[in-house]
Every structure is written in structure tokens, then in C-alpha cells.
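First the structure, in the form of C-alpha cells, and then the observations on it.
The values are calculated or read from the model by the stated rules, or taken from the named source; none is laboratory data. This is a predicted model, so every value here is computed, not measured. Using ideal geometry, Cβ is built from the backbone for each residue, glycine included, and neighbour counts are taken over all protein chains shown. These accessible areas exclude ligands, DNA and RNA; they are computed on the full protein's heavy atoms, side chains included. Shrake-Rupley method; radii C 1.70, N 1.55, O 1.52, S 1.80 Å.
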Amino acid sequence: MKTWLKHRVYTLAALAALLILIQCANTLFGGRLATLGILPRSLDGLWGIPLAPFIHGDWRHLFSNLPILLFLSALLMTHSIRDYLFSSLTIIFIGGLLVWLFARPAYHIGASGWIFGLWALLLAQAITRRRLLDLLFALLVLVYYGSIAAGLLPSDPYISTESHIAGAAAGVLYAVFTKRRDRLKK
């Protein structure tokens, strides 16, 4: 296997393994890890900003997020693993901070904010970068995952629509920021 591909496969496998291990721990603790999620406008809730995307309510929650997270991550890794990691951290922290500031008072957990951030980033990069590969990725994402846009509208009180919106906003902000950064480098 080529080194380029091997690094990406290992990174995705490590991400999947980490999420599964955390869910195993959450199951062993009877779901109590959910209290490590983002609790808006609470000092303890600040710890949830980096932790919440890795904690899921149950196995169904994890396995509904994992395939799309790995797929979108794989698309973003084609440019660079380093840029993928930086964009993911930016989405997690900016999106999490927005949830902490503006969301309803409840524990917000799960990777869906991160997923919406990656989704929005892939779409926004097609506009900001205007490269053929980015346009192809945006089309692929729209064809296969365009329906997740419905997740930006409140529908279920147990789903953090706030995380979806905050993640998508963070993804767009990252695309705009990197476009400006790239222009300054020239």
C-alpha cells in the first residue's frame, strides 16, 4: 500500500477505534459520559467543547454518525492530513463555543456538529478554492448527503440542531479563513 494512502487509512481507523472505545466506556458507565458534553453557559460545560464530539448517547447514535464522519474525513484528507486535523479542530472548537454561547440548556454530545462542519467546509471550498477536485467533492457530497441540510431545521428535541448549525457555520468560516490565508501567502 502506498504511504500516502496508508497514512490516511490509519488515521481513519484510529478515529473510528477511538470513537468505539469511548462508546464502550460510556456503555460501561451507564451513559454517564454524556455529562461531559457541552452544557451551555456553564463553566463545567466548557470542558465539553473538545469532548462532546467523541461522546455519543448510545451505539445507534454512534453508528449513525460514524460512516458519514469517516467519509467526509476521507474526502478532506485527500488534500492533507494536517489540514484535515486543523480544520477538524477549528470546527470542533468554534462550533462548540457557539453551542456553549447560544444553545438551549441541555447536554450537547455527538459528532454531528463536526459532521455538519466538514460537510459545509467541503461545499464552501468548492466556492472559495474553485478547483476541479473541490467541485467534484462538493457534487459528491450534495448527491449523497444533501439531505442532511434538513438537520439544520429543528425537528426533534433530542437532536442538537444548535450543534448542526454551529458546526456548519464553523466549516464555512474555516473555508473563508483559509482562502484569505492562501491569498496572503501569494
Note on the chain: contact order normalised by length, alpha-carbon pairs under 8 Å, 6 or more apart, percent, works out to 24
Explain nothing, just compute: Karplus ³J(HN,Hα) = 6.51 cos²θ - 1.76 cosθ + 1.60, θ = phi - 60°, for every residue of region 130-142 in order, whole Hz, x for Gly and Pro. 6, 9, 4, 4, 5, 5, 5, 5, 4, 5, 4, 5, 5
Excluding Ile49 itself, what net charge comes from residues whose Cβ is under 15 Å from its Cβ, given Lys and Arg +1 and Asp and Glu -1? -1
Highest mean packing first, using Cβ neighbours within 10 angstrom, the peptides 167-174, 149-156, 90-97, 58-65 sort as 167-174, 90-97, 58-65, 149-156
Calculate what fraction, in whole %, of the accessible area of region 67-114 sits on carbon and sulfur atoms when a 1.4 Å probe is rolled over the protein chains. 77
How would you classify region 37-121 from its alpha-carbon gyration tensor, with a ≥ b ≥ c the square roots of the eigenvalues: rounded for a/c under 1.5, else prolate if a/b is greater than b/c, otherwise oblate? oblate
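May I ask you to give the solvent-accessible area per residue for region 1-124, in square angstrom, as obtained with a 1.4 angstrom probe?
Accessible area per residue, region 1-124: 50 Å².
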Show me, for region 99-108, the HN-Hα J-couplings you get by feeding each phi into the Karplus relation (A = 6.51, B = -1.76, C = 1.60, θ = phi - 60°), rounded to Hz, glycine and proline as x. 5, 4, 6, 10, 6, 5, x, 7, 6, 10
Looks like region 1-50, by Cα gyration tensor root eigenvalues a ≥ b ≥ c and the a/c under 1.5 rounded cutoff (else prolate when a/b is bigger than b/c, oblate otherwise), is oblate
Calculate the radius of gyration of the Cα atoms of region 83-180 to one decimal place, then report Dmax, the largest Cα-Cα distance, as a whole number, both in Å. 13.3, 42
